[in-house]
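Down below is the structure, laid out as structure tokens.
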Amino acid sequence: MKYRKKPVVIEAFQYDGDLMASNGKYYVPEWAAKADKNGIFKIKGQGDLYITTLEGDMLVNVGDYVIRGVNGELYPCKPDIFRKTYELID
């Protein structure tokens, strides 16, 4: 049997190595800034971002997307998989 993924709308941003501008203001979505303030995001070393998930801490490399799923869960996604799975909507 074959199955098709149901169309869902997610929110995401592409991680560029930081979450804030040099003036200390967040330039990521509000939900990402909140996750950072609540300790869900941890930046270690030279910009390595980790997301605390139910499965443990997951590394987000520069260029990866951070996705906020339909239930508010946060997880990383490699750019090639993101482009194959999602398309931008207005």
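Candidate cross-link partners of Lys2 among the lysines, defined by an alpha-carbon separation under 19 Å and a same-chain spacing of 8 or more, comprise Lys84. For the range 80-90, the Karplus equation 6.51 cos²θ - 1.76 cosθ + 1.60, evaluated at θ = phi - 60°, returns couplings of 5, 5, 4, 5, 6, 9, 10, 10, 5, 10, 7 Hz by residue, with Gly and Pro reported as x.
Once the dipole of the chain is set up with Lys and Arg at +1 and Asp and Glu at -1 on Cβ about the Cα centre, which of Leu54, Pro7, Phe82 lies farthest towards its positive end? About the Cα centre, the residue reaching furthest to the positive side is Pro7. For the chain, what log10 I(q)/I(0) values come out of the Debye formula at q = 0.25, 0.26 1/Å, with one point per alpha carbon and no solvent? For the chain at q = 0.25, 0.26 Å⁻¹, log10 I(q)/I(0) is -1.47, -1.55. Mean-square fluctuations from a GNM of the chain, with a 10 angstrom spring cutoff on Cα atoms, peak among Glu11, Glu30, Glu55 at Glu55. In the chain, Cα pairs under 8 Å separated by at least six residues give a relative contact order of 26 percent.
Comparing mean-square fluctuations of Gly17, Gly69, Gly56 from a GNM of the chain with C-alpha springs under 10 Å, the top value falls on Gly56.
Report the net charge of residues surrounding Asn61, where surrounding means a beta-carbon distance below 13 angstrom and charges are Lys +1, Arg +1, Asp -1, Glu -1. Provide the component values of the computation, followed by the final result.
Numbers: positive: Lys44, Lys78; negative: Asp16, Asp48, Asp64, Asp80.
Around Asn61, the charge tally is -2.
If you roll a 1.4 angstrom probe over the protein chains with everything in place, what fraction of the accessible area of the chain belongs to carbon and sulfur, to the nearest %?
Carbon-and-sulfur percentage of accessible area, whole number: 52.
Accessible surface for the chain, divided over its residues, is 76 Å² per residue with a 1.4 Å probe.
Within a Cβ distance under 11 Å of Asp36, other residues only, what is the Lys/Arg minus Asp/Glu net charge? Neighbour charge sum, excluding Asp36 itself: +1. Quick one: net charge around Tyr26, please, counting Lys, Arg +1 and Asp, Glu -1 for every other residue with C-beta under 14 Å from its C-beta. Value of the local net charge: -1. Taking amide hydrogens as placed 1.01 Å from N in the peptide plane, the amide H of Asp64 sits under 5 Å from those of Tyr15, each at least 5 positions away in sequence or on another chain.
The values are calculated or read from the model by the stated rules, or taken from the named source; none is laboratory data. Small disclaimer: the values here were computed from a predicted structure and weren't measured. Don't worry about glycine lacking a Cβ; one is built from the backbone with ideal geometry, like all the others, and counts go over all protein chains shown. The protein model used for the area step is the full one, side chains on, heavy atoms only, and it has no ligands, DNA or RNA in it. Shrake-Rupley method; radii C 1.70, N 1.55, O 1.52, S 1.80 Å.
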